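One structure is given below, encoded as structure tokens.
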Amino acid sequence: MENITLSFKDVSVAYNADKLAVIHISADIQKNSITSIMGPSGCGKSTLLRAVNRMHELYPNIQITGSIELNGRDILSMNPIEVRRLAGMVFQCPNPFPTMSIYDNVLSGYALNGIKIQRSERDQIVETCLHNVGLWDEVKDNLNKRGSFLSGGQQQRLCIARALALRPDILLMDEPTSALDPIATSRIEDLLVELKKEVTIVIVTHNMGQAARISDYSMFMYLGELIEYDKTEKMFTNPSDKRTEAYLVGKFG
């Protein structure tokens, strides 16, 4: 188990009594790896990812069954605030807090969780996290400016720095480059390959090229079910299920 960061055990997610969005999924996510979740729109990819972050509890009537374990602890029985510290989330569109400076954006998780830290530690966290996302040299003279003045790619790297600041066990990313141009996308992809040395990454992506380039493992979902889960190279060259093959060659999705 020491090489498993996240474990889905018979997980189902229902938006209402007769509509399962995720159906009996079981999978183990390897530590210090990038795992891509692929599949056509509406297949349950983002729903599964958001269940890890307990985001569904922001909406009424959603039911989750089974268990989701993060480093051996069932997150469904933990305090949601603690879960969101351990499972950082980066969304499709860059969303730095618009009224906050770059400096305060990086540290916003501490402020929102009421965690008090010394000024010297705050400075160190900001510099380290911005270095880790390749943004420090670009913004170090403008830390008091609002994050919204940055380019889209820079904003997304700032959001990744914000997620990393709380030192999460896992980084969850929901199509983090779909709103970015190819150059910014390439920079984020290179960044993720570096970051997996420090943190386990799970990324939902529609971009099969991206999954092939950066992920160690891939999950293929279809109509709420996990159809196939394997090493990315194996899945892309020799998928074991015809539906996976059909998706990868563009017959649907």
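With no solvent and one equal point scatterer placed on each C-alpha of the chain, evaluate the Debye formula and give log10 I(q)/I(0) for q = 0.17 Å⁻¹, two decimals. Summing over Cα pairs of the chain leads to -1.33.
The convex hull around the C-alpha trace of the range 1-148, projected and averaged over every direction, spans 10.9 square nanometres. Cross-link partners for Lys31 among the lysines, with Cα-Cα distance under 26 Å and sequence neighbours closer than 8 places in the same chain left out: Lys9, Lys45, Lys196, Lys197, Lys231, Lys234.
Accessible surface area normalised per residue over the chain is 48 Å², counting heavy atoms of protein chains with a 1.4 Å rolling probe.
The orientation-averaged projected area of the convex hull spanned by the Cα atoms of the range 134-253 comes to 8.6 nm².
Label-to-label distance for Glu198 and Asn238 is 3.7 nm, based on points extended 7 Å past Cα in the beta-carbon direction.
Considering helices alone, the calculated mean residue ellipticity of the chain at 222 nm is -10000 deg cm²/dmol, with DSSP H runs of length four and up weighted by -39500 (n - 2.57) and normalised per residue.
Determine the share of the chain's accessible area contributed by carbon and sulfur atoms, expressed in whole percent, with a 1.4 angstrom probe.
48 percent
Beta bridges from DSSP with both residues in the chain: antiparallel share about 60 percent, rounded to the nearest 5.
Checking every one of the trypsin sites (Lys or Arg not before Pro) in the range 185-233 against DSSP loop status and a limit of 13 other Cβ atoms within 10 Å picks out Lys197. Of all aspartates and glutamates in the structure, the ones whose alpha carbon falls short of 15 Å from that of Lys116, not counting any fewer than 8 places away in one chain, are Asp104.
The values are calculated or read from the model by the stated rules, or taken from the named source; none is laboratory data. Being a predicted model, the structure only gives us computed values, none of them experimental. Cβ coordinates were reconstructed from backbone atoms using ideal geometry, including for glycine residues, and neighbour counts include every protein chain displayed. Calculation scope for accessible area: heavy atoms of the full protein, side chains included, ligands and nucleic acids excluded. Shrake-Rupley method; radii C 1.70, N 1.55, O 1.52, S 1.80 Å.
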